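This report refers to the structure that appears directly beneath it.
The values are calculated or read from the model by the stated rules, or taken from the named source; none is laboratory data. Since the structure is predicted, the reported quantities are computational estimates derived from the model, not experimental observations. We place every Cβ from the backbone using ideal geometry, glycine too, and count neighbours over all the protein chains shown.
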């Protein structure tokens with residue numbers, strides 16, 4: 001089974017309560033879904049084994065749904081994602097302006 005790389009961008013930064021919950025959930029302990037945050041942003045860097053990229057994204061979104069109030073505004077395939085996933089061209093839609 002392939003491992004897939006992508007990044008989930010949240011709508012808002014994590015609250016302290018959300019960060020504490022993420023730190024305590026077993027579903028985040030396996031390293032497939034790595035939360036990152038800083039001033040004004042939060043994201044999850046994802047590496048999921050799955051038959052397809054869509055399956056991997058679904059698995060990640062199911063785990064994120066365990067954290068109340070965390071909404072995903074976009075899924076990004078970075079240059080690292082392209083290399084890791086064996087993709088030759090971009091497969092994303094540009095962020096909306098504004």
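Computed values, structure above
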quantity	calculated
Residues (over 19 Å from residue 71 (Cβ atoms) and over 13 Å from the mean Cα position of the chain (by Cα)) located in segment 1-38	1, 2, 3, 23, 24, 26, 29, 30
Considering residues of segment 33-59 that are touching a strand residue (DSSP E or B) at 6+ places or on another chain (Cβ under 9 Å) and part of a loop (DSSP other than H, G, I, E, B) only, the residue nearest to residue 74 (Cα to Cα)	52
First in segment 76-97 and at pLDDT below 60, second anywhere and surrounded by 10 or more Cβ atoms within 10 Å (Cβ to Cβ) and in a loop (DSSP other than H, G, I, E, B), Cβ under 9 Å, 6 or more apart	90/77; 91/77; 92/77
Scan of segment 15-32 for residues that are over 25 Å from residue 84 (Cβ atoms) and in contact (Cβ under 8 Å) with a residue 24 or more places away in the chain, ordered by number	15, 18, 21
Positions within segment 33-44 being within 12 Å of residue 5 (Cβ to Cβ) and either surrounded by fewer than 15 Cβ atoms within 10 Å (Cβ to Cβ) or touching a residue at least 40 places away in the same chain (Cβ under 8 Å) (or both), in sequence order	34
Among the candidates 5, 84, residue that is surrounded by 15 or more Cβ atoms within 10 Å (Cβ to Cβ) and not in a helix (DSSP H, G or I)	5
Answer from 66, 62 - the residue that is modelled with pLDDT of 95 or more, in a helix (DSSP H, G or I), in contact with a helix residue (DSSP H, G or I) (Cβ under 9 Å, 6 or more places away or on another chain) and surrounded by fewer than 16 Cβ atoms within 10 Å (Cβ to Cβ)	62
Hits in segment 8-32 - residues which are part of a loop (DSSP other than H, G, I, E, B), in contact with a strand residue (DSSP E or B) (Cβ under 6 Å, 6 or more places away or on another chain) and surrounded by fewer than 17 Cβ atoms within 10 Å (Cβ to Cβ)	11, 13
All positions within segment 53-75 that are touching a residue at least 12 places away in the same chain (Cβ under 8 Å) and over 18 Å from residue 27 (Cα atoms)	53, 73, 74, 75
